[in-house]
Every structure is written in C-alpha cells, then in structure tokens.
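Student: Below is the structure I would like to discuss, written out as structure tokens.
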Amino acid sequence: MLALLLVGLIAASGMIRYIGNDRVAVVEKLWSPSGSIRSGIIALSGEAGFQPDVLRGGLHFFVPFQYRLHVQSLVTIPQGRIGYVFARDGRPLSPDQALAANAEDTDFQQTRAFLEAGGQKGPQRKVLREGSYAINLAQFVVVTKDETFALQLSGGDTALLDQMAEVIEARDGFEPVVIKDADDQIGVVTVHDGPGLASGEIIAPAVGADPADARTFHNSFQDPEKFLAAGGRKGRQLQVLVEGTYYVNRLFATVERISKTVIEVGQVGVVVSYTGAAGVDTSGEGYRHGELVENGRRGVWTDPLLPGKYAFNTYAGRITLVPTTNFILKWEAQAIGSHKFDENLAEVSLITKDAFEPTLPVSVVVHIDYRKAPLVIQRFGDIKRLVEQTLDPMVSAYFKNIGQTRTLIELLQDRSEIQSLSSKEMQAKFGVYNLELQEVLIGTPRPNAAGDDQIERILTQLRQRQIADEQVGTYERQKLAAQKERELREAEAQAKQQTAITESELSIQVQQNQGRANLARSEQEAEQTRTLARAEADQMQFLGAGEAKKVVALAAAEAERVTKVGLAQAKAIESQVAASGGPRFQLARQVAERFAEALETSGVDVVPKVQIAGGAEGGSGGVLQALLTLLMAEKLDLPLSVLDGEPPAAAPRPATTDA
C-alpha cells in the first residue's frame, strides 16, 4: 500500500515524466521565485509561465509540483505541401506590415532565439516546407491543409486560426504554385506586404531578379525578406511566374493565372506599356500623331513583338495584334471576316448619273508593314477603329463620287475599268495612314430597297443584248468551223492518200535508183561494147582490107567480062535495030511482042464483041488501035503520022567505037 501511495505521489507531483520519441512537450512552470512574466506568454527569464524550450523523447525529472507538461505530436508537413506559422508572442508588427518579418537564420524550433532576435508576433512571412518539426506550440501555431498544430489556450485563438486557414485555402495556399508548359499559362503575382507603390504607378517594377546577387535574389517571390530587401513594393508585380513549381507564401503574395500571349505567324504584337520610365520619342520629326519609345519604356514600343509565345503581363501593358498578311475588308452587310474588322461595314450607297440609287459591295485588300504597325496603333489605337473611323468614310466617299459620274449601265459595263482606276487612285490615300493598298474589288450594284427590280430589268436587257451578240459570234464560229471542217476533210483525204503518195514517191525513188543503176550498167555495157567493137573493127579492118583486095580483083575480072558481053550484045542489038528499020521500029516491035504475050496470058479478046467507032471523019480502026498509036507515039517521041504508015526519015547512024 505504501508503495502505491509513493507512486501516486510521484505521479501527482510530476517529478518524473516520460516523453515518446515522436512527441514533444511544452513546459509550463507553475510557480517560480522570479515571479510571473510581465508581458507575452513565453517566460525567457525563468518566470512562471510557458518556457521557451521544449522537451524531446525520454525520461525527464522535475521539481515536484512546479511544472506541467503539454505533450504534443511533432509538426509534420507532408510532401508537396506548405505549412503556415503564426507567432503568439514577439514584437508587434509595424503599421505597414501585414506579416511578421523573419531574419535569414530564423528557426521556429528555437523559440528563445526567435524572441531574443526580435521576432514578431502574428502570421509569419516564412513558411515551412516538407518535414517534421519540434516546435513550441505555445509560442507558434502551424496551420496545414489537414491539421492545425497548436496548444489550445483560449476560444479566441480557435476562431482566429480558423479564419486564417480559410483565407489560405481560398488562395490554394497549402500547395505550391505549379505552372505547366502544356497549359500555356503564366502567373501574375500580387504582393500584399511591404511598402506601397509610388504615386502614379500601377505596377510594381521587377526587382531582385539577378541570381548573382544573393542578398536580393528572392527566387520568384519565394523569399519575401529578400524581395523587400531588393526594394520590392506591394501590389501587382511586373515580373511573372513561368513554368515551374513555386513555394510562395499566399498570405504574402497571391498568384493569378493568365494565358500566355501567343502571336501567330502572319501577325505582330504592338506593345503599349503602362509601366516603366519615360522614354525618348523615336517616331521622327515627320510624325505628329504620338510618340514611340524604346522597348521597356512607358508608351508604344518602337519594335513590335514577332510571332511566338510571350510571358507578357497583360496588367502591365496591352498587346494589339496587327496582321502582317493581306487581309480583306468587305463593305457588305452579310460578309464578315475572321478578324471582324469589318463587322460594322455595309454596302456603299450610290446615286448614279441617271438617278438610280443602287448599293455597291466593295472589298479592299490591305497590307500593313510590320515595321509600321506601331505607327498605325499609335495613331488609331487598333485596326478596327482605323477601319470604322477612317477607311469606311474614305472608301464610301470615293465610290459615291464615282457613282455620280456614271450611269447604271456604265457601272455595270465599266466595272473592270472602275476597279483598276480605284486601285491606283486610292493607294496614295491609304499610304497616308501607313497602309499598303493591294487591290480594290467591286461587285455588282444591288437594289437599294426590297422589291426594286429596275436593276434586274436593265440586266435583262443587257443579257438579251449579250445573247444576240453571242448568236452573231456563234454564226461566225460555225462558219469558221465549217471551213475548218472542210480543211479537215481535205487533210483527212490527203492523209488517206498519203500512203499511196508515199509509195509512189518511194517507187519513183526506187525507179530513179534503178535507172541510175541501169544507166551505170548500160554505160559499162556500152563501154564494153565499144571496146569489143573497136577490137572487132580492128579485126574487120584487117579482114576487110584483104576481102577488098579480093573483091577488087574479082570486080575487075567481072567488069572485064561484063564489058565484053555488053559489047557483044550491043553489036547484036545494033544489028537487030538496023534490020528493023531503026531503033523506034525496034521498040515498036518489042512492044507488040510484049503486048501479044500479055493478051495470050490474060485471055482477053483481041477483037471486041462490041466496037465503038468514032473519031474523025474518014478515020478507021478501033479504039484499041488508037490508044496503042497514042501510046507508041508518046513513048517513041514520034509524030502520029509516022505511026499511021509514013516511014520515018532516015536517022544518021551513030558512030560506034570498039571497046
């Protein structure tokens, strides 16, 4: 029994206490010769109250009935989470502070060092990262997402800590800021502690961004003390967070996610900066519509942003996208381009020379030199304002003037000429506004009001006229086609005969070749013949010479024989003639002999059965006799009287000579 009383006494006195290795004990001194503390809740000089140092695991011995131990679990911050610290004791915050300042070597596990170094009470700028901490929970309260680590002192503390946790949770403050590249986002930071912005400033300038300066490099707002040491101001910051993970105290700074600025190919971004130092105008003396400044200065930047992705803080400036490819502005109510610059444009209302009131759809192709894009934005603010306030009235007025100089039919028929003329004349007008006019396109005039068919009637007349013209052209073409068809037929016929023509030409060529061959062969044969003839002639010449001599000899002999025979016959004939009374009587005798032979041979009657007498008075004889007499007289060259019976005169005898 005595032993039990002793054990109970020891336990009640608190002389011996055991603390587990995963626990921590906050020591509260119940009484002290030094008395009670005069301020705060932590007794740094041995006074009665909460002691600054905590006890860790093991057996601990105390003066009986002097101490009370508040055993708590270790403060554990899970992986990827943030713990926020609230100090119950310390120096009060200054009027411009929202969070308590923390020296570089501040350790919340060293309560005495924290208070002796001038640590401030209230929510701390420094946060706890992953791990377990042996913290005096009478001095510090640690708020995490899943649990609040604190030594309960009063009901007011609970309400304050709950409110603090709600604020942190609303800002997603228990988890780090994670910005992924796939999201194409950036983080715009708003700092809630530190000195305020200067008058006229809306964005805090970037500070402490140089990693080489360890004193001021705050590593993207993760070290509030270095940010303030670098001269950082509260408010929305110019510097933004890009891809990465950031352990930012959300009581110190909140992060808003915005999209990156994406400038597509075919565009540039003209920057109008709301912050920065005043710059020097770079637009030149000839430009009187505003100033252009160097990039980074306040105002319109001289150099636009080229295609790409930019971590641009849209609270610190505005980027106006300007197309650098050709874009079309359509003065047509039902046609709106993807850029929507022309969504408030409508057809141009005209009054023609002949008092018609059509509307004219117009399209204008425009190009903006990317180097002149800042000039355009400085002058007009944006492209849509340029279109509506300048280009719309200028283009409408131009075509109204054109309409007054032409009739409706001329507007329809001279469309190409008007389009070409307007393109040339309006280029200079667009150039005044730093624009490049590429082309002007105009459509067909339309009725101004529903139900107006005057334009349709004119178009009908033009169509009928065109049909008539087309018919004339058709007839001409048919005529030409017929002629061409005839030529085609001739060509086809010629093509059909081409084989025969070709064969004949080839035959002619073959025959020519054969003729040349025959000629050559004939020439060879002729040459051969000539050679043979010359040889044969030579042979014949020798043979002929011998034969000639022979013939000459034979001829001489024959001539001598004939001469002698002739002489003999001549002598005989001469004797016969002489005997017959002369050559004429000899001839008559021979004729009679031949005549008698003829009668005998033919069997003709010598005395005709019918005799025709006639002739001269006293004449006698028949016709046959007369005919014979005439024939004989003619042949013998004798007078008829001789033939009638008169003897001829004796002719002289020709002299004869002997051969």
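The values are calculated or read from the model by the stated rules, or taken from the named source; none is laboratory data. Model, not experiment: these values are computed from the prediction. Glycine gets a Cβ as well: all are built from the backbone with ideal geometry, and neighbour counts include every protein chain shown. Keep in mind that these areas ignore ligands, DNA and RNA; they rest on the heavy atoms of the full protein, side chains included. Shrake-Rupley method; radii C 1.70, N 1.55, O 1.52, S 1.80 Å.
Student: Quick check: anything in segment 378-401 of a type in the set (Phe, Trp, Tyr), part of a helix (DSSP H, G or I) and open to solvent by less than 10 Å² (accessible area, probe 1.4 Å)? Walk me through it before giving the result.
Tutor: Here is the first cut: in segment 378-401, the residues of a type in the set (Phe, Trp, Tyr) are 380, 398-399.
Checking the rest, the ones that are also part of a helix (DSSP H, G or I) come to 380, 398-399.
Those left that are additionally open to solvent by less than 10 Å² (accessible area, probe 1.4 Å): 399.
Yes, that holds for at least one residue.
Student: Let me ask another. What pairs come out if I take residues in segment 555-566 that are modelled with pLDDT of 80 or more and pair them with residues that are open to solvent by 60 Å² or more (accessible area, probe 1.4 Å) whose C-beta lies under 8 Å away, six or more apart or interchain?
Tutor: Qualifying pairs under 8 Å: 563/659; 564/659.
Student: Here is a further query. Inspect segment 343-350 for any residue being assigned to a strand (DSSP E or B), more than 21 Å from residue 320 (Cβ to Cβ) and touching a Ser or Thr at 6+ places or on another chain (Cβ under 9 Å) and give the result as yes or no.
Tutor: Filtering segment 343-350 for residues assigned to a strand (DSSP E or B) gives 348-349.
With the extra rule that they be more than 21 Å from residue 320 (Cβ to Cβ), the set shrinks to 348-349.
Going one step further and asking which of them are touching a Ser or Thr at 6+ places or on another chain (Cβ under 9 Å), we end up with 348-349.
Yes, segment 343-350 contains at least one residue that is assigned to a strand (DSSP E or B), more than 21 Å from residue 320 (Cβ to Cβ) and touching a Ser or Thr at 6+ places or on another chain (Cβ under 9 Å).
Student: Return the residues of segment 398-417 that are under 21 Å from residue 346 (Cα atoms) and either of a type outside the set (A, V, I, L, M) or under 30 Å from the mean Cα position of the chain (by Cα) (or both); say none if nothing qualifies.
Tutor: Initially, segment 398-417 is screened for residues under 21 Å from residue 346 (Cα atoms), giving 398-404, 408, 411-412, 415.
Answer for segment 398-417, where residues must be under 21 Å from residue 346 (Cα atoms) and either of a type outside the set (A, V, I, L, M) or under 30 Å from the mean Cα position of the chain (by Cα) (or both): 398, 399, 400, 401, 403, 404, 415.
Residue-by-condition table, conditions (1) surrounded by fewer than 18 Cβ atoms within 10 Å (Cβ to Cβ); (2) free of Cβ contacts under 8 Å to residues at least 40 places away in the same chain; (3) in a strand (DSSP E or B); (4) among the aliphatic types (A, V, I, L, M):
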| residue | (1), (2), (3), (4) |
| --- | --- |
| 95 | yes, yes, no, no |
| 98 | yes, no, no, yes |
| 104 | yes, no, no, no |
| 107 | yes, yes, no, no |
| 113 | yes, yes, no, yes |
| 118 | yes, yes, no, no |
| 124 | no, no, yes, no |
| 127 | no, no, yes, yes |
| 137 | no, no, no, yes |
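Student: So how many residues does segment 227-274 have that are outside any strand (DSSP E or B), within 27 Å of residue 368 (Cα to Cα) and either open to solvent by less than 20 Å² (accessible area, probe 1.4 Å) or hydrophobic (A, V, I, L, M, F, W, C) (or both)?
Tutor: Start the filter on segment 227-274 by keeping residues that are outside any strand (DSSP E or B), which leaves 227-234, 242-243, 247-252, 260, 264-266, 274.
Subset that is within 27 Å of residue 368 (Cα to Cα): 260, 264-266, 274.
Adding the requirement that they be either open to solvent by less than 20 Å² (accessible area, probe 1.4 Å) or hydrophobic (A, V, I, L, M, F, W, C) (or both) leaves 265-266.
The qualifying residues number 2.
Here is a yes/no grid of residues against (1) at pLDDT 90 or above; (2) under 30 Å from residue 287 (Cβ atoms); (3) within 41 Å of the chain's Cα centre (by Cα); (4) in a helix (DSSP H, G or I):
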{"residue": "419", "(1), (2), (3), (4)": "yes, no, yes, yes"}
{"residue": "441", "(1), (2), (3), (4)": "yes, no, yes, no"}
{"residue": "466", "(1), (2), (3), (4)": "no, no, yes, yes"}
{"residue": "473", "(1), (2), (3), (4)": "no, no, yes, yes"}
{"residue": "505", "(1), (2), (3), (4)": "no, no, no, yes"}
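Student: Test residue 282 against the stated conditions and say whether it is touching a Ser or Thr at 6+ places or on another chain (Cβ under 8 Å), buried (at least 16 other Cβ atoms within 10 Å of the Cβ) and free of Cβ contacts under 8 Å to residues at least 24 places away in the same chain.
Tutor: Working: touching a Ser or Thr at 6+ places or on another chain (Cβ under 8 Å): yes; buried (at least 16 other Cβ atoms within 10 Å of the Cβ): yes; free of Cβ contacts under 8 Å to residues at least 24 places away in the same chain: yes.
Against the criterion (touching a Ser or Thr at 6+ places or on another chain (Cβ under 8 Å), buried (at least 16 other Cβ atoms within 10 Å of the Cβ) and free of Cβ contacts under 8 Å to residues at least 24 places away in the same chain), residue 282 qualifies.
Student: What are the residues in segment 163-189 that are closer than 20 Å to residue 243 by Cβ and open to solvent by 30 Å² or more (accessible area, probe 1.4 Å), if any?
Tutor: 172, 175, 178, 180, 181, 182, 183, 184, 185
Student: Select from segment 302-327 the residues that are aliphatic (A, V, I, L, M) and part of a loop (DSSP other than H, G, I, E, B) and write down the one among them that is least open to solvent (accessible area, probe 1.4 Å). Show your work before the answer.
Tutor: Step one: filter segment 302-327 for residues aliphatic (A, V, I, L, M), giving 305-306, 311, 316, 319, 321-322.
From what's left, part of a loop (DSSP other than H, G, I, E, B): 306, 311, 316.
On the way: 306: 88, 311: 50, 316: 4 Å².
If we take residues in segment 302-327 being aliphatic (A, V, I, L, M) and part of a loop (DSSP other than H, G, I, E, B), then 316 is least open to solvent (accessible area, probe 1.4 Å).
Student: Working only within segment 236-249, note down all residues that are farther than 18 Å from residue 311 by Cβ and either in contact with a Ser or Thr (Cβ under 6 Å, 6 or more places away or on another chain) or modelled with pLDDT under 95 (or both).
Tutor: Here is the first cut: in segment 236-249, the residues farther than 18 Å from residue 311 by Cβ are 247, 249.
Passing the criteria: none in range.
Student: Can you name the number of the only condition in (1) in contact with a Pro (Cβ under 8 Å, 6 or more places away or on another chain); (2) farther than 26 Å from residue 324 by Cβ that residue 476 fails?
Tutor: Here residue 476 meets the rest and fails (1).
Student: Using the structure shown, decide if residue 86 is aromatic (Phe, Trp, Tyr) and touching a helix residue (DSSP H, G or I) at 6+ places or on another chain (Cβ under 9 Å).
Tutor: Numbers: aromatic (Phe, Trp, Tyr): yes; touching a helix residue (DSSP H, G or I) at 6+ places or on another chain (Cβ under 9 Å): yes.
For residue 86, the condition - aromatic (Phe, Trp, Tyr) and touching a helix residue (DSSP H, G or I) at 6+ places or on another chain (Cβ under 9 Å) - is met.
Student: Conditions first: (1) in contact with a Phe, Trp or Tyr (Cβ under 7 Å, 6 or more places away or on another chain); (2) open to solvent by 40 Å² or more (accessible area, probe 1.4 Å); (3) within 24 Å of residue 247 (Cβ to Cβ); (4) not acidic (Asp, Glu). Residue 59 passes all but one, so which condition is the exception?
Tutor: Going through the list (1) in contact with a Phe, Trp or Tyr (Cβ under 7 Å, 6 or more places away or on another chain); (2) open to solvent by 40 Å² or more (accessible area, probe 1.4 Å); (3) within 24 Å of residue 247 (Cβ to Cβ); (4) not acidic (Asp, Glu), residue 59 breaks only (3).
Student: Continuing with this model, one more query. Taking the condition within 60 Å of the chain's Cα centre (by Cα) and either open to solvent by 10 Å² or more (accessible area, probe 1.4 Å) or under 14 Å from residue 82 (Cβ atoms) (or both), does residue 149 pass?
Tutor: Numbers: within 60 Å of the chain's Cα centre (by Cα): no; either open to solvent by 10 Å² or more (accessible area, probe 1.4 Å) or under 14 Å from residue 82 (Cβ atoms) (or both): yes.
No.
Student: List the number of the failed condition for residue 330; all other conditions in (1) open to solvent by less than 70 Å² (accessible area, probe 1.4 Å); (2) within 30 Å of residue 395 (Cα to Cα); (3) not in a loop (DSSP other than H, G, I, E, B) hold.
Tutor: (1)
Student: Here are some conditions: (1) free of Cβ contacts under 8 Å to residues at least 24 places away in the same chain; (2) at positive phi; (3) not aliphatic (A, V, I, L, M). Residue 340 meets all but one. Which one does it not meet?
Tutor: Failing condition for residue 340: (1).
Student: To continue, here is another question. Find all pairs meeting these conditions: Cβ atoms under 7 angstrom apart; at least six residues apart or on different chains; first residue within segment 454-471 and in contact (Cβ under 8 Å) with a residue 60 or more places away in the chain; second residue among the aromatic types (Phe, Trp, Tyr) and surrounded by 11 or more Cβ atoms within 10 Å (Cβ to Cβ).
Tutor: Between residues of segment 454-471 that are in contact (Cβ under 8 Å) with a residue 60 or more places away in the chain and residues that are among the aromatic types (Phe, Trp, Tyr) and surrounded by 11 or more Cβ atoms within 10 Å (Cβ to Cβ), the close pairs are 454/356.
Student: Another question, then. Return yes when residue 89 is assigned to a loop (DSSP other than H, G, I, E, B), without any contact (Cβ under 8 Å) to a residue 12 or more places away in the chain and surrounded by 13 or more Cβ atoms within 10 Å (Cβ to Cβ) and no when it is not.
Tutor: Values: assigned to a loop (DSSP other than H, G, I, E, B): yes; without any contact (Cβ under 8 Å) to a residue 12 or more places away in the chain: no; surrounded by 13 or more Cβ atoms within 10 Å (Cβ to Cβ): yes.
When the stated conditions are applied, residue 89 does not pass them.
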